[in-house]
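The values are calculated or read from the model by the stated rules, or taken from the named source; none is laboratory data. All values derive from a computational prediction rather than experimental measurement. Methodologically, a virtual Cβ is constructed for each residue, glycine included, from the backbone with ideal geometry; neighbour enumeration extends over all protein chains shown.
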Amino acid sequence: MSRAPARAAMLLAAIGSPGIAHAADGAHSAANWPAIITFGIFIAITLGITWWAARRTRTTSDFYSAGGGITGRQNGLAIAGDYMSAASFLGISALIFADGYDGLIYSTGFLVGWPIILFLLAERLRNLGRYTFADAAAFRFGQAPVRLSSTFSSLTVILFYLIAQMVGAGQLIQLLFGIPYTYAVGSVGLAMTIYVLFGGMIATTWVQIIKAVMLLGCATFMSLAVLYHVGFPFDALFSQAVAVKESLALKGGASEAAAAESALSILAPGGFIKDPASAVSLGMALMFGTAGLPHILMRFFTVPDARTARTSVLWATGWIGYFYLLTFVIGFGAIILVGANPAFFDSATGAMLGGNNMAAIHLAEAVGGDMFMGFVSAVAFATILAVVSGLTLSGASTISHDLYASVLRKGNPDPAAELRLSRITVLALAILAVALGIAFEKQNVAFMVSLAFAVAASSNFPALLLSMLWKGCATRGVAWGAAIGAVTALVLTVLSPTIWVAQLGAAEPIFPLGSPTLVSMPLGFLAIWLISRFDRSPRAALDRAGYVAQRVRSETGIGASKASNH
């Protein structure tokens, strides 16, 4: 097997895992009291918010979309809080610590998806939809086929994303409190259930806002501390990082020439994914997968109009872009302050304590001591909790709104019954998430995150884009094309080096790329186009005839305000 797929699997491991290592062989670590105190304060504040939100959550509109009353700035921060997961904070900084410049491939990929959302989706989505992206995708089509297909792809994305977050959260709580992993995962599931079950989107939004502010504050302080340490010029940051890498290579027995070459490689691309096809496929998953994540797209229904939806994206893009710039400084700072400090490494094996994904946590200790490290650990937990709350609410809306209200009740549900089903679904998803989090404790969950982005890019994004912009799109095309894209992404991921080799132990992968998006996403688009093009059914004629009304609604918003409120 070539070196590129192996390195790609390692990269996915760093990003997909939230970067918290659990104690080996069931051993429990000592309680981290600074983190526990900060954690307790955060839980108290957010439970207060949930109590406040519960008193204002009376209708399905309140539960799904906070009644459409969130401002653009608030929603932008909430989107950033939902998107900046612990995998981003810990995983990307760990990649930059290990590979330098090449670690930015994920920062760039995650960020550049937002202009796509801004210019192609945000306004149209808000004008056409009510609670979920399937509202917009199924606007002029037969409801049952499109919503069933979108439910399959959305639940696939949500489930795999949720498992990775639950495993990371459980391991983090295990470290903070020194309790068994099973109890740790259960406590995360309980907290998630309380926030979503009683507070709905209002509580989830404010938890995400608080978490975003805390995470941005931590990252800013760490970055400023690193720059202060090196004297602030960025060239000093890079030169000191190179010097540390060269020194470590010389200690490892490398020649002076080899050590110098290895150290300088952290400032140049190409040391990570050398295969252009793998790089393009990974980039496509990150860029277009962002525009198909159901828990991100549903946030555009929490604002009153399309203009505010656009404002939300601008604010979110600014905060997310700022955050990813900080991870670059944090990663290089970790090379200097963590990489050269033997206190952060196992003296017997030479491995970093907790694994490379703990680089940001160790950097927090290096610049701020135990108290700040505890605070950063608690923020990492807040990060995961905000993400799993958004995922759970998105899954609940998919079941209760897309399946029950729109398919089974044909658009005329009993609001009380729909709200009750939403809350039952939250409980079911929480139980399922805890069970799967326990089941996958010892597994590499990296492929789940990559699979979530691949499915979103191959199924949700093509269905949403073509349904809104192509007059010739038909019900069968959207339903079957989206399903084909999702299934292809699933199958090719299983056959890729990420699972077929790294997980199942095969010598060679059947599908050579770490991410399937280069094949599955074009196939999703092609399937929608081909099936729609050759569909001559009466239903297809109605679909095409409804395009003008949809276009007017999506571009002007006429009729959108009435449809967005119950």
> Just to be sure, is residue 415 surrounded by fewer than 17 Cβ atoms within 10 Å (Cβ to Cβ) and touching a residue at least 24 places away in the same chain (Cβ under 8 Å)?
Replying inline: yes
>> Please determine whether any residue of the range 255-265 is in contact (Cβ under 8 Å) with a residue 24 or more places away in the chain and part of a helix (DSSP H, G or I).
In response: yes
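Matching residues to (1) modelled with pLDDT of 95 or more; (2) closer than 30 Å to residue 64 by Cα; (3) surrounded by 14 or more Cβ atoms within 10 Å (Cβ to Cβ):
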| residue | (1), (2), (3) |
| --- | --- |
| 490 | no, yes, yes |
| 525 | yes, yes, yes |
| 529 | yes, no, yes |
| 536 | no, no, no |
| 551 | no, yes, yes |
| 562 | no, yes, no |
>> Go through the range 108-141 and report how many residues are within 15 Å of residue 469 (Cα to Cα), basic (Lys, Arg) and outside any helix (DSSP H, G or I).
In response: 1
> Restricting attention to the range 506-517, which residues are buried (at least 20 other Cβ atoms within 10 Å of the Cβ) and either at pLDDT 85 or above or touching a Cys at 6+ places or on another chain (Cβ under 7 Å) (or both)?
Replying inline: 509, 513, 515, 516, 517
>> Which residue is modelled with the lowest pLDDT, if the candidates are limited to the range 266-301 and must be of a type in the set (A, V, I, L, M) and outside any helix (DSSP H, G or I)?
In response: 273
>> I'd like the full set of residues that are among the aromatic types (Phe, Trp, Tyr) and surrounded by 24 or more Cβ atoms within 10 Å (Cβ to Cβ), limited to the range 324-366.
In response: 332
>> Of the residues 502, 454, 433, only one is within 30 Å of residue 385 (Cβ to Cβ) and surrounded by fewer than 24 Cβ atoms within 10 Å (Cβ to Cβ); which?
In response: 502
> Does the range 163-185 hold any residues that are buried (at least 20 other Cβ atoms within 10 Å of the Cβ) and modelled with pLDDT of 85 or more, and which are they?
Replying inline: 185
> When you scan the range 231-254, how many residues do you find that are without any contact (Cβ under 8 Å) to a residue 60 or more places away in the chain, surrounded by 14 or more Cβ atoms within 10 Å (Cβ to Cβ) and among the hydrophobic types (A, V, I, L, M, F, W, C)?
Replying inline: 6
>> Could you check the range 528-543 and list, in sequence order, the residues that are of a type in the set (A, V, I, L, M, F, W, C), touching a helix residue (DSSP H, G or I) at 6+ places or on another chain (Cβ under 6 Å) and either closer than 19 Å to residue 136 by Cβ or part of a loop (DSSP other than H, G, I, E, B) (or both)?
In response: 528
> Is there a residue being outside any helix (DSSP H, G or I), among the basic types (Lys, Arg) and in contact (Cβ under 8 Å) with a residue 60 or more places away in the chain anywhere in the range 457-471?
Replying inline: yes
>> Looking at the range 498-505, can you tell me whether even one residue there is part of a helix (DSSP H, G or I), under 22 Å from the mean Cα position of the chain (by Cα) and at pLDDT below 95?
In response: yes
> What number of residues within the range 116-162 satisfy the criterion of being within 20 Å of the chain's Cα centre (by Cα) and over 21 Å from residue 313 (Cβ atoms)?
Replying inline: 10
>> Can you confirm whether residue 506 is hydrophobic (A, V, I, L, M, F, W, C) and free of Cβ contacts under 8 Å to residues at least 12 places away in the same chain?
In response: yes
